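J.: Sharing a structure below in structure tokens format, with a few things to ask.
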Amino acid sequence: MEIFKYMETYDYEQLIFCQDKTSGLKAIIAIHDTTLGPALGGTRMWNYATEEEAIEDALRLAKGMTYKNAAAGLNLGGGKTVIIGDPLKDKNEEMFRAFGRFIQGLNGRYITAEDVGTTVADMDLIHEETNYVTGISPAFGSSGNPSPVTAYGVYMGMKAAAMEAFGSDSLAGKKVAVQGVGNVAYKLCEFLHEEGAILTVADINQASVDRAVNEFGATQVDVSEIYSQDVDIFAPCALGAIINDETIPQLKAKVVAGAANNQLKEPRHGDKLNELGIVYAPDYVINSGGVMNVADELNGYNRERAMKRVEGIYDTIARIFEISKKEGIASYAAADRLAEDRIARMAKSRRQFLQNGKHSLTNR
Ligand SMILES: NC(=O)C1=CN([C@@H]2O[C@H](COP(=O)(O)OP(=O)(O)OC[C@H]3O[C@@H](n4cnc5c(N)ncnc54)[C@H](O)[C@@H]3O)[C@@H](O)[C@H]2O)C=CC1
Ligand SMILES: O=C(O)CCC(=O)C(=O)O
């Protein structure tokens, strides 16, 4: 991989490698764009097969956060960290504290949070060394685990997508197939069940499935059968790249709305959904409740204020469908346009401010 070429092509600002021999820390912090503010994005811990794979993941995820934060209306840029290692075997206190010191060294350019493989307890360790961390324990006056809030945002976004597809945002009686019933989807299923939706679930973890079956009357299907269920809504809440050439022909659902990041294998798969008249709620918008929640900590956490912002995901998704129809583009492209326009407007207004400042200085 030619790193500088890649960074130049996709406008990355900074890539930082952090190594600590004592703890075994090998972390890569990618900062994509800080036009809107400091880069905020979680830390993923994963057993990457190669260093190149880890770098690519960090870069790809950081760019995703630029778009997610911009579309969410946050004054934050995009960044992400990957730690190379097995989250079940390789974690230790020194590792997260060493990582905290590296973050502190960036003096606020990057703020971290949880992601796959990291927990609130890990964030608390980072917090021993730096304040540039969110998603720490409620004991510190913070927001804690973001998953239930993410789930509420997905529920709101799913309602907006139902409005678009069915002319009503009521999910009562709607059949929903949920792929993966982990932290986010468990809570999503609770919201859906309370409203009277009929649930079908699949997960590689039988205990997670059993919980949804017992508590919400869900029907279990094999993981390979979740795409082809005769349902109204497909909610991907596990893996990325699950909307692809193999799965699209299987879909009977009229709506795709779920929590998973990077759902489209390639942009053309979003175009295909659009051609088929399947309403797709763009992933980084519908799942932005988590980041809205942790970002609220930066102003002194207020649950009510955070939830109010998360509720707004309904309107943002509805607006994206409007842009999509008006411009004749797929919803994923409309979401990108919304995010890019906001960044461009802010960059312009900042430039004007700087120019004005410079003129007044020159005139003195
Ligand atoms: N937790 C949060 O606040 C946020 C989560 N997301 C995304 O939402 C998704 C879910 O996140 P969490 O619930 O936190 O993760 P999780 O790890 O708690 O849940 C994922 C579930 O998917 C299951 N799974 C894995 N492979 C599967 C397969 N092939 N078929 C069916 N199920 C499978 C796992 O067993 C697990 O139960 C992820 O893509 C994550 O990146 C996005 C934004 C925020
Ligand atoms: O939700 C979080 O914990 C942090 C934000 C983030 O990294 C994400 O939304 O993917």
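J.: Condition check: modelled with pLDDT of 95 or more and either open to solvent by 90 Å² or more (accessible area, probe 1.4 Å) or among the aromatic types (F, W, Y) (or both). Does K348 satisfy that?
T.: Considered against the rule, which asks whether it is modelled with pLDDT of 95 or more and either open to solvent by 90 Å² or more (accessible area, probe 1.4 Å) or among the aromatic types (F, W, Y) (or both), K348 comes out as no.
J.: Considering A54, A49, which residue is without any contact (Cβ under 8 Å) to a residue 60 or more places away in the chain and assigned to a loop (DSSP other than H, G, I, E, B)?
T.: Exactly one residue qualifies, and that residue is A49.
J.: Which one of V82, V133, V149, V120 is surrounded by fewer than 22 Cβ atoms within 10 Å (Cβ to Cβ) and within 16 Å of ligand 2 (Cβ to nearest atom)?
T.: Exactly one of V82, V133, V149, V120 is surrounded by fewer than 22 Cβ atoms within 10 Å (Cβ to Cβ) and within 16 Å of ligand 2 (Cβ to nearest atom), namely V120.
J.: Right, next: Report every pair of residues separated by at least 6 positions or lying on different chains whose Cβ atoms are under 6 Å apart, first residue within segment 321-333 and under 11 Å from P282 (Cα atoms), second of a type in the set (F, W, Y).
T.: Correct list of pairs: S331/Y280.
J.: Confirm whether G196 is open to solvent by less than 40 Å² (accessible area, probe 1.4 Å), within 16 Å of ligand 2 (Cβ to nearest atom) and out of contact with any strand residue (DSSP E or B) (no Cβ under 7 Å at 6 or more places or on another chain). Show your work before the answer.
T.: Working: open to solvent by less than 40 Å² (accessible area, probe 1.4 Å): yes; within 16 Å of ligand 2 (Cβ to nearest atom): no; out of contact with any strand residue (DSSP E or B) (no Cβ under 7 Å at 6 or more places or on another chain): yes.
Against the criterion (open to solvent by less than 40 Å² (accessible area, probe 1.4 Å), within 16 Å of ligand 2 (Cβ to nearest atom) and out of contact with any strand residue (DSSP E or B) (no Cβ under 7 Å at 6 or more places or on another chain)), G196 does not qualify.
J.: Right, another one. Can you tell which of N214, N183 is more than 16 Å from ligand 2 (Cβ to nearest atom), free of Cβ contacts under 8 Å to residues at least 40 places away in the same chain and surrounded by fewer than 24 Cβ atoms within 10 Å (Cβ to Cβ)?
T.: Selected residue: N214, the only one of N214, N183 that is more than 16 Å from ligand 2 (Cβ to nearest atom), free of Cβ contacts under 8 Å to residues at least 40 places away in the same chain and surrounded by fewer than 24 Cβ atoms within 10 Å (Cβ to Cβ).
J.: Let me ask another. Test G277 against the stated conditions and say whether it is more than 16 Å from ligand 1 (Cβ to nearest atom), open to solvent by 20 Å² or more (accessible area, probe 1.4 Å) and either closer than 25 Å to T134 by Cβ or touching a Phe, Trp or Tyr at 6+ places or on another chain (Cβ under 8 Å) (or both).
T.: no
J.: Mind checking which residues of segment 1-45 are surrounded by fewer than 19 Cβ atoms within 10 Å (Cβ to Cβ), of a type in the set (F, W, Y) and at pLDDT 95 or above?
T.: Once the filter is applied, which keeps residues that are surrounded by fewer than 19 Cβ atoms within 10 Å (Cβ to Cβ), of a type in the set (F, W, Y) and at pLDDT 95 or above, segment 1-45 yields F4, F17.
J.: Let me ask you something else. Any residue at all in segment 246-269 that's within 9 Å of ligand 1 (Cβ to nearest atom) and aliphatic (A, V, I, L, M)?
T.: Scanning segment 246-269 turns up at least one residue that is within 9 Å of ligand 1 (Cβ to nearest atom) and aliphatic (A, V, I, L, M).
J.: Moving to a separate point now. Could you check segment 136-146 and list, in sequence order, the residues that are surrounded by fewer than 22 Cβ atoms within 10 Å (Cβ to Cβ) and among the small types (G, A, S)?
T.: Selection gives S137, A139, G141, S142, G144.
J.: Here is a further query. Look through A238, A207, A260 and report the one residue that is within 16 Å of ligand 2 (Cβ to nearest atom), hydrophobic (A, V, I, L, M, F, W, C), open to solvent by 50 Å² or more (accessible area, probe 1.4 Å) and closer than 28 Å to P146 by Cβ.
T.: A238
J.: Okay, moving on. Could you pull out the residue among R109, R60, R101, R97 that is touching a helix residue (DSSP H, G or I) at 6+ places or on another chain (Cβ under 6 Å) and open to solvent by 40 Å² or more (accessible area, probe 1.4 Å)?
T.: Matching residue, one of R109, R60, R101, R97: R97.
J.: Can you name the number of the only condition in (1) out of contact with any Ser or Thr (no Cβ under 8 Å at 6 or more places or on another chain); (2) in contact (Cβ under 8 Å) with a residue 24 or more places away in the chain; (3) open to solvent by less than 30 Å² (accessible area, probe 1.4 Å) that T247 fails?
T.: Condition not satisfied by T247: (2).
J.: Still on this model: Quick check on D283: is it surrounded by 18 or more Cβ atoms within 10 Å (Cβ to Cβ) and within 11 Å of ligand 1 (Cβ to nearest atom)?
T.: yes
The values are calculated or read from the model by the stated rules, or taken from the named source; none is laboratory data. Quantities reported herein were computed from a predicted structural model and do not represent experimental measurements. Cβ: placed from backbone, ideal geometry, glycine included. Neighbour counts: every protein chain shown. Calculation scope for accessible area: heavy atoms of the full protein, side chains included, ligands and nucleic acids excluded. Shrake-Rupley method; radii C 1.70, N 1.55, O 1.52, S 1.80 Å.
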